[in-house]
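Asks: What follows is a structure written as structure tokens; I'll ask about it next.
The values are calculated or read from the model by the stated rules, or taken from the named source; none is laboratory data. All figures in this text were calculated on a predicted structure; none of them were measured in a lab. Glycine gets a Cβ as well: all are built from the backbone with ideal geometry, and neighbour counts include every protein chain shown. The protein model used for the area step is the full one, side chains on, heavy atoms only, and it has no ligands, DNA or RNA in it. Shrake-Rupley method; radii C 1.70, N 1.55, O 1.52, S 1.80 Å.
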Amino acid sequence: MGTSPQRKEPRQEFNLAELIEQFGSEDRCHEYLEQLRWPGGVRCPRCDSDKISRITKRRQFDCDACRYQFSVRVGTLFHDSKLPLWKWFLAVYMMGESKKGVSANQLKRMLGVSYKTAWFLCHRIRAAMAQEGAPYLTGTVEIDETYIGGKQRGMGHGYRGNKTMIVGAVERGGRVHLKAMPTPHATKKMMREFVDEVVSDETEFIYTDESMAYPDFTDWNTKHRRVNHAAEEWVNGNVHTNTVESVWSLFDRSVIGSYHKLSKKHLPAYLDEAAFRWNNRGNAFLFRDTILRLVEADTLTYEGLVRPTT
């Protein structure tokens, strides 16, 4: 009797031991960042001149055209951080490779930094993982919702006044998009707007459960099919929401096992992180691509993160 072939995992760019070996010095980290940011040679971020002089001892550059002095960190999510780059690199690797995420407390212990530093570090990396500008989902798309928030004493099982609703759409064999909704009470208008934001008009099938909050998404080239979970119907041929529910399972384990409690204000950032890991589950160059996003993203300030929402 033959055995079923083992599923091959994509070869990682490097494992943890190789990461430490490759980026064991601050100079190597700066060289790597420089190559990612300026593959064609260093250019001034102010005037775009390529007439640059190196200030080697300070790991900085001097623009011969406008006399602007800068480092490879300027204008990136690394900007104004006093943390050594090797600690940044280790945090990026751990957050990308840990399926259930890494808490700020865990990074605090691993990196030997304060909780404030670890928390800010995590959020800057999450900012690089933002879903903004992601391509539309297409093909066969599953849509489902879940709720985040603890139990309210004295309220029944179905009480949702203290919860936040999250809606997810996943393309079979492809990407996922997650969004925290403004109210825990789903409406057809809300679901229609979400689908219009993330799902392509060319989608062939949309699969949901039987909830009346979902309008009929059927049009001339898209078929909407439902499974009736209330009647214990979980799969009907190809129709099911098992893929998106596996995304919820991973996210629930992240909350329970790593984060323990999420604020409503920062929930979108945690959803971005969860979606980024899912969407890059087959990416052997996840570390490089995350570092590149940190280089290309806008600066994020601590004051902006902790500022109360209005």
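Asks: Compute the whole-percent fraction of alpha carbon pairs in region 1-134 spaced more than 21 Å apart.
Replies: I get 54 percent for the Cα pairs in region 1-134 exceeding 21 Å.
Asks: Magnitude of the Cβ-charge dipole of the chain, K/R +1 and D/E -1, about the Cα centre, nearest 20 debye?
Replies: So the magnitude is around 1420 debye.
Asks: Once you keep just the Cα pairs under 8 angstrom separated by 6 or more residues, what percentage relative contact order results for region 19-109?
Replies: Contact order relative to length: 22 percent.
Asks: Right, next: Between Cys66, Asn242, Thr290, whose Cα lies farthest towards the positive end of the dipole of the chain when Lys and Arg beta carbons carry +1 and Asp and Glu beta carbons carry -1, centred on the Cα centre?
Replies: In the chain, that residue is Cys66.
Asks: If you don't mind, another one. Under 16 Å between alpha carbons, and skipping anything fewer than 8 positions from Lys223 in its own chain: which aspartates and glutamates qualify?
Replies: Glu142, Glu171, Asp196, Asp201, Glu202, Glu204, Asp209, Glu210
Asks: Give me the angle, in degrees from 0 to 90, between the Cα long axis of helix 242-254 and the longest principal axis of the Cα atoms of the chain, rounded to the nearest 10.
Replies: Orientation of helix 242-254: about 50 degrees from the principal axis.
Asks: Going by average Cβ density within 10 Å per residue, which order do the peptides 285-293, 217-225, 104-112 take, highest to lowest?
Replies: In descending order of packing, they fall as 285-293, 104-112, 217-225.
Asks: If you roll a 1.4 Å probe over region 164-306 with all protein chains in place, what percent of the accessible area is carbon or sulfur?
Replies: Carbon-and-sulfur percentage of accessible area, whole number: 51.
Asks: Mind pulling the angle between the C-alpha long axis of helix 188-198 and the longest principal axis of the chain? Nearest 10 degrees, somewhere in 0 to 90.
Replies: Approximately 40 degrees, to the nearest 10.
Asks: Which of the three applies to region 36-79, rounded, prolate or oblate, going by the alpha-carbon gyration tensor with a ≥ b ≥ c and a/c under 1.5 meaning rounded?
Replies: The shape class here is rounded.
Asks: Express in whole angstrom the spacing between the alpha-carbon centres of region 41-83 and region 130-146.
Replies: Taking the Cα centre of each part, region 41-83 and region 130-146 sit 38 Å apart.
Asks: Asp196 accessible area, nearest 10 Å², 1.4 Å probe?
Replies: Near enough 90 Å² of accessible area.
Asks: Helix-only estimate, please: 222 nm mean residue ellipticity of the chain, summing -39500 (n - 2.57) across DSSP H runs of length 4 or more and dividing by its residues, to the nearest 500.
Replies: When only DSSP H runs of four or more count, the value is -10500 deg cm²/dmol.
Asks: Kirkwood Rh, Cα Rg: Rg to Rh for region 167-252?
Replies: The Rg/Rh ratio comes out at 0.93.
Asks: How big is the convex hull of the Cα atoms of region 154-310, per residue, in Å³?
Replies: Expressed per residue, the convex hull around the Cα atoms of region 154-310 is 176 Å³.
Asks: Provide the convex hull volume over Cα atoms per residue for the chain, in Å³.
Replies: Here the figure is 207 Å³ per residue.
Asks: Please determine, in degrees from 0 to 90 and to the nearest 10, the orientation of helix 85-97 with respect to the longest principal axis defined by the Cα atoms of the chain, where the helix direction is its Cα long axis.
Replies: The two axes meet at around 20 degrees.
Asks: Long-range amide H contacts for Leu137: which residues qualify at under 5 Å (H placed 1.01 Å from N, peptide plane, sequence gap of 5 or more or a different chain)?
Replies: Sorted by chain and number, the residues that satisfy this are Val199, Ser200.
Asks: May I pose another question? Can you give the alpha-carbon Rg of region 78-154 over 2.2 N^0.38 Å, where N counts its residues?
Replies: 1.46
Asks: Rounded to the nearest 5, what % of DSSP beta bridges with both residues in the chain are antiparallel?
Replies: Bridges in the chain are about 70 percent antiparallel.
Asks: I'd like to check one number: the per residue accessible area of region 180-310, probe 1.4 Å, reported in Å² as a whole number.
Replies: 55 Å²
Asks: On full extension of the chain, what length is gained from Arg307 through Ser249, given 0.36 nm per residue of separation minus the C-alpha to C-alpha distance?
Replies: That works out to 17.8 nm of additional length.
Asks: Still on this structure, I have one more. Can you spot the lysines whose alpha carbon is less than 25 Å from Lys116's alpha carbon? Ignore those fewer than 8 places along the same chain.
Replies: Within the straight-line cut-off, Lys116 pairs with Lys82, Lys87, Lys99, Lys100, Lys108, Lys261, Lys264, Lys265.
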